[in-house]
Amino acid sequence: MGTAQQTSRQHLISKVLLKEFTMPEPKGGSRQLLPFDLHNPGRVHKRMPTSRCGWVENFVAVDSPSVEALWGDVERRVPAALAAVRAGHPFADPLHVEVLRDLVVLHYVRSLHYRDVHTNSIDRARMRLIAKVIRQYPEQLRLEALREMGLYLSGPAALGAFAERLIERSTIMRDRESGKLFRTSVEDTFHKMRDLASTRRLEVVTPATGQFLIGDNPALTLCVKEGRTIYGMAFGDAQTLILPIGPKCLLSLGPENVTLTVPQTFVDRLNAVQVRAAYRYVYLHPESGLEPFVERAAQGRPAGNRTT
């Protein structure tokens, strides 16, 4: 039996979700949506098919078939659950609730935000380990450096450089370099997050007026404090985890299964969060009329600002 090939172009936003933001082109053309490039907000934004949106090269750089199979187990069940949402009975089948909750978790883990969290965590752990080795085992480091290189290292800078060299040879750091460590982290975190999210219920949020958009970092942890919407905190510190699933629907993890209708002001606030949290693109229904809103919101994207 042959082995599955590595997939280089990997969607971060499920195509089944992107499809919800599309409309057919005139004269029987393909369904398309409108990508808005936040790096170039003043440019003319052209409609595109879902195949050209919401993906990055080599998000998982090694053994992607393993993680793609994990995503596929969820995504294959999504169309029926979305149909139930559109029909107005999202909670009738517990399996639909489960898959929609899993879909939120999937997009939280399969994200550039999670990749940054993973990378920063490994970097911090590596620096802590270097400091610990220098502090607790200086003589062993000197002896090993003398054995390997014939040099006696005296100062902390030289010891630190040699300790870093030793650590970089470790299995875990080699796995980091190859991408294996990230792949296993993605899979493990998805399973852990799914278990945590299983204790939450599902809120199906619809706008009284207006439409939702979806960013390229769409599943976001949120807290609302003193009228401010703060995003990007750890899941355990968040009031909810949200995911837009169409222009007229957004999912939120909460204390009970409920359908909510929110006013335009709240829709605008959630859309602004999507714009500010996005890495480069947000995606709109072609007839949403949200381009001026996104252009204004894009001006409020200073580095490190996680409030609206």
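The values are calculated or read from the model by the stated rules, or taken from the named source; none is laboratory data. This is a predicted model, so every value here is computed, not measured. Note that we place each Cβ from the backbone using ideal geometry, even for glycine, and neighbour counts take in every protein chain shown.
See the values below:
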| quantity | calculated |
| --- | --- |
| Leading residue by the ranking (nearest to K180 (Cα to Cα)) among those in the stretch 70-85 that are in a helix (DSSP H, G or I) and without any contact (Cβ under 8 Å) to a residue 60 or more places away in the chain | W71 |
| Matching residues, the stretch 117-145, being within 30 Å of T189 (Cβ to Cβ) and touching a helix residue (DSSP H, G or I) at 6+ places or on another chain (Cβ under 7 Å) | H118, I122, R126, L129, I130, V133 |
| Test: residue in the stretch 144-153 that is outside the structural domain of E20 (by TED's automatic domain parsing), more than 29 Å from R276 (Cα to Cα) and of a type in the set (D, E) | yes |
| The stretch 1-49 - residue that is among the β-branched types (V, I, T) and under 14 Å from P218 (Cβ atoms) and, of those, surrounded by the fewest Cβ atoms within 10 Å (Cβ to Cβ) | V16 |
| Filtered residues of the stretch 33-56 (kept if under 15 Å from T22 (Cβ atoms), part of a strand (DSSP E or B) and either acidic (D, E) or in contact with a His (Cβ under 9 Å, 6 or more places away or on another chain) (or both)) | L33, L34, P35, F36 |
| So G236, is it at positive phi and not polar (S, T, N, Q) | no |
| Enumerated strands (runs of 3 or more DSSP E) restricted to the stretch 212-263, each holding at least 3 residues that are surrounded by 16 or more Cβ atoms within 10 Å (Cβ to Cβ) and modelled with pLDDT under 95 | 228-231 |
| Hits in the stretch 104-129 (condition: buried (at least 16 other Cβ atoms within 10 Å of the Cβ), in a helix (DSSP H, G or I) and in contact (Cβ under 8 Å) with a residue 60 or more places away in the chain) | V104, V105, L106, H107, Y108, V109, H113, Y114, R115, H118 |
| Matching residues, the stretch 5-32, being under 22 Å from R301 (Cβ atoms) and either of a type in the set (S, T, Y) or outside any helix (DSSP H, G or I) (or both) | L12, I13 |
| Meets criteria (touching a Leu at 6+ places or on another chain (Cβ under 7 Å) and assigned to a strand (DSSP E or B)) for F59 | no |
| From R101, R135, residue being among the basic types (K, R), within 30 Å of L260 (Cβ to Cβ) and in a helix (DSSP H, G or I) | R101 |
| Members of the stretch 179-211 found to be surrounded by 13 or more Cβ atoms within 10 Å (Cβ to Cβ), more than 19 Å from V104 (Cα to Cα) and small (G, A, S), listed by number | G179, G210 |
